Amino acid sequence: MNQSTHAIRKSRLLGAGEINVSFEFFPPKNAKMEETLWTSIERLAPLRPDFVSVTYGAGGSTRERTHATVGRLVKETALRPAGHLTCVSATRSEVDEVARSYWDAGVRHIVALRGDPPEGAGTRYQPHPGGYANAAELVEGVLKIAPFEVSVGGYPEIHPESVSLTADLDNLKAKIDAGATRIITQFFFDNTHYLRFVERARAHNIWCPIIPGIVPIHNFTQVARFAGMCGATIPAWLSHRFDGLENDPATTHLVAAAMAAEQVMDLVDEGISTFHFYTLNRADLVYAICHLLGLRPIAEPAKEALLA
Ligand code: FAD
């Protein structure tokens, strides 16, 4: 019998305190979405994430809404918010102004990104003539404003615009050399992409934490479309698992929970203990996966108690 049959899976031995998570949200567009977001935040907050991050729309299109969400997180919760920031369609001083307003609002962590062209991922990127050309320049810029903690994006399947694997790793290294201290990856479905990426990054002298970005599949068609735009592949076995469920959200939900659990548990078996979840502002699947990972809710102290 194969030796590995008897190996004890690390994921079966998980105890409290061994796993760290962070959650990503997007700013709501209307009152209904706002309610959904805050219900999700209330559900997930007691899992005590390391931080929660709020995305920034193309060309600063969500600037006010991102800021309002991050501001409310600072004021009303004990969570540590990170504000995303991009270089798209803005001068350096405009971007700096947003970073400064994050700092003034009490935000100490920025996820620094180049951003996608306003026409959408996959179209040609043109830096603003007076703006930051890429994420590495942005990291350097925000650190001149204040001593932020800075995270950046990484691409297990290589960024779609990169001319080569080496160019992609050089760019990643430039972002770390500019002062970023954490890499959060684009989502992926085949763990070998992530594990190979970490190996290549280490061989490229990149030693900071590389946190896998996990997206639970609430809607396969939507996720597949988005994956196509950002260069994440959908393996045939994954499509097959959702095949025929187009009009069956209840079964899709169960399959999605099983898939995400399998992906995360396999990573735990590979020694990974920190995860970033793209929540899509929904708590249910992420909460269930965190529960499987051994996380249990701990009542949050009231903000007033923290400030006392
Ligand atoms: P960069 O690291 O600047 O790299 C982009 C591409 O340009 C790479 O192919 C790189 O090799 C190339 N490049 C960089 N510098 C040079 C150079 N000098 N010469 C030639 N080529 C160069 N987008 C949003 O709009 N809002 C968000 O909130 C957001 N959040 C995200 C969170 C995470 C964790 C991730 C992984 C992505 C997120 N994105 C977001 C998407 C991101 O903006 C896109 O993936 C974008 O295309 C690249 O951003 P980057 O910061 O990785 O860019």
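The values are calculated or read from the model by the stated rules, or taken from the named source; none is laboratory data. Worth saying up front: this structure is predicted, and the values here are computed from it rather than measured. Every residue, glycine among them, receives a Cβ derived from its backbone with ideal geometry; neighbour counts consider all protein chains shown.
Couple of notes before you dig in:
- Checking SER93 against (1) farther than 28 Å from PRO129 by Cβ; (2) at pLDDT 95 or above, the condition it does not meet: (1)
- Condition broken by HIS240, with the remaining ones in (1) at pLDDT below 95; (2) more than 16 Å from the ligand (Cβ to nearest atom) satisfied: (1)
- Checked against the criterion of being surrounded by fewer than 16 Cβ atoms within 10 Å (Cβ to Cβ) and out of contact with any Phe, Trp or Tyr (no Cβ under 7 Å at 6 or more places or on another chain), the candidates HIS240, HIS276 yield just one match: HIS240.
- Criterion (modelled with pLDDT under 95, more than 21 Å from ARG282 (Cα to Cα) and part of a loop (DSSP other than H, G, I, E, B)) met by exactly one of GLU64, GLU18: GLU18
- Of all residues in segment 175-196, those being in a helix (DSSP H, G or I) and either near the ligand (Cβ under 7 Å from one of its atoms) or touching a Gly at 6+ places or on another chain (Cβ under 7 Å) (or both) number 1.
Conditions tested, residue by residue: (1) in contact with a helix residue (DSSP H, G or I) (Cβ under 6 Å, 6 or more places away or on another chain); (2) assigned to a helix (DSSP H, G or I).
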{"site": "ILE8", "(1), (2)": "no, no"}
{"site": "PHE23", "(1), (2)": "yes, no"}
{"site": "LYS32", "(1), (2)": "no, yes"}
{"site": "VAL70", "(1), (2)": "no, yes"}
{"site": "LEU73", "(1), (2)": "no, yes"}
{"site": "SER89", "(1), (2)": "yes, no"}
{"site": "ALA99", "(1), (2)": "yes, yes"}
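- Number of positions in segment 32-81 that are polar (S, T, N, Q), within 15 Å of the ligand (Cβ to nearest atom) and over 18 Å from the mean Cα position of the chain (by Cα): 1
- Test: residue in segment 40-59 that is among the polar types (S, T, N, Q) and either at pLDDT below 95 or closer than 22 Å to GLU270 by Cβ (or both): no
- One residue from HIS128, HIS84 being touching a residue at least 24 places away in the same chain (Cβ under 8 Å), out of contact with any Gly (no Cβ under 8 Å at 6 or more places or on another chain) and within 8 Å of the ligand (Cβ to nearest atom): HIS84
- Pairs with Cβ under 7 Å, 6+ apart, first in segment 132-153 and within 14 Å of ASP177 (Cβ to Cβ) and part of a strand (DSSP E or B), second charged (D, E, K, R) and within 11 Å of the ligand (Cβ to nearest atom): VAL152/LYS175
- Criterion (among the small types (Gly, Ala, Ser) and either within 21 Å of GLY294 (Cα to Cα) or in contact with a Phe, Trp or Tyr (Cβ under 6 Å, 6 or more places away or on another chain) (or both)) met by exactly one of GLY57, GLY17, GLY71: GLY17
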